[in-house]
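J.: If you scroll down you'll find the structure; I have some questions about it.
The values are calculated or read from the model by the stated rules, or taken from the named source; none is laboratory data. Note that the coordinates shown come from a computational prediction; the quantities given were computed from them, not determined experimentally. Every residue, glycine as well, gets a Cβ built from its backbone with ideal geometry; the counts of neighbours run over all protein chains shown. Just so you know, the surface numbers come from the protein's heavy atoms only, side chains and all, with ligands and any DNA or RNA stripped out. Shrake-Rupley method; radii C 1.70, N 1.55, O 1.52, S 1.80 Å.
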Amino acid sequence: MRIAPSVSCWFVLTLGSLAACDPPAPPAPGPTPTAASSQPASSGSAVAASGRPDGPAAAAKPKTSPALNWTKPEAWNKVDHPSRMRLATYRVEGEEGPAEMSVTRVGGGVAANITRWEGQFDGGPKAKTEEREVAGQKVTVVSIEGTYMGGMRPAMGLKPKPTENAALLAAIVHTEPAHFFKMTGPKTTVDAAREGFEELVRSFEAKP
């Protein structure tokens, strides 16, 4: 039996009779061509799908805010970074033990980070927040008090070391991504460092 070239089919021999399968479905039609956008790509802010700048399929780069300058209080000591994610780390001395100020610039959202900080205290006490504007930048000041459990996660196999009568004092500068200035330590040390903290916040200055 001759099979036309335009039909693709297979046969199974069963008890002397031939049974033919259904021919395969025709291929799905390709995407309908669309006209290229008449909007020109912004200079220096887009990359084409082909890898060349300013192409027809250009996509905008993520928007970023200026960097930030600040001046540390004279009484605070700058120490080595325990993490590559930090921009700076300061040690603040106190009678009941030192406090630590970490400076980072990460994403994740301001509200989400405040919620995470609340979870670092036993019972998740609600943070007190205050909105300010410094040098044209929105700043959120955050205060939390209680038993500090640390930033370690039990799922990572790291047991937190509770610190009673602890406090967190932080300033979040709403750049994109945000700058986080977070101080944690004994409440008496953090309270005594508030004057230096206010001095730090007043020194914020956006850097082009």
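J.: Go through 92-103, 120-131 and give me the packing order, highest mean Cβ count within 10 Å leading.
T.: Listed from highest to lowest mean packing, they are 92-103, 120-131.
J.: Using the alpha-carbon centroid of each, what span in Å lies between region 101-136 and region 169-208?
T.: A separation of 11 Å, based on Cα centres.
J.: Which of the aspartates and glutamates could a cross-linker span from residue 126 if the Cα-Cα distance has to be under 17 Å and same-chain partners fewer than 8 positions apart are dropped?
T.: Within the straight-line cut-off, residue 126 pairs with 118, 145, 164.
J.: For residue 149, what accessible area in Å² do you get when you roll a 1.4 Å probe over the heavy atoms of the protein chains, rounding to the nearest 10?
T.: Result for residue 149: roughly 50 Å² accessible.
J.: Give me the one-decimal nm value for the distance between modelled label points at residue 78 and residue 198, 7 Å along each residue's Cα-to-Cβ direction.
T.: If labels sit at residue 78 and residue 198, their model points lie 2.5 nm apart.
J.: Still on this structure, please answer the following. Viscosity 1.002 mPa s, temperature 20 °C: what is the translational diffusion coefficient of region 105-145 from Stokes-Einstein with a Kirkwood Rh over Cα pairs, rounded to a whole number of µm²/s?
T.: 191 µm²/s
J.: Right, here's the next one. Calculate, in nm to one decimal, what residue 100 and residue 176 gain on full extension: separation in residues at 0.36 nm each, minus their alpha carbon distance.
T.: 24.9 nm is the gain from fully extending residue 100 to residue 176.
J.: Calculate the FRET efficiency for residue 129 and residue 188 from the Cβ-Cβ distance with a Förster distance of 30 Å, rounded to the nearest 0.05.
T.: So, using R0 = 30 Å, E works out to roughly 0.85.
J.: Count the net charge of all other residues whose Cβ sits under 12 Å from the Cβ of residue 104, scoring Lys and Arg as +1 and Asp and Glu as -1.
T.: +4
J.: Measuring from label point to label point, each 7 Å out along Cα→Cβ, what is the residue 112 to residue 164 span in nm?
T.: Each label point lies 7 Å from its Cα, and together they span 3.6 nm.
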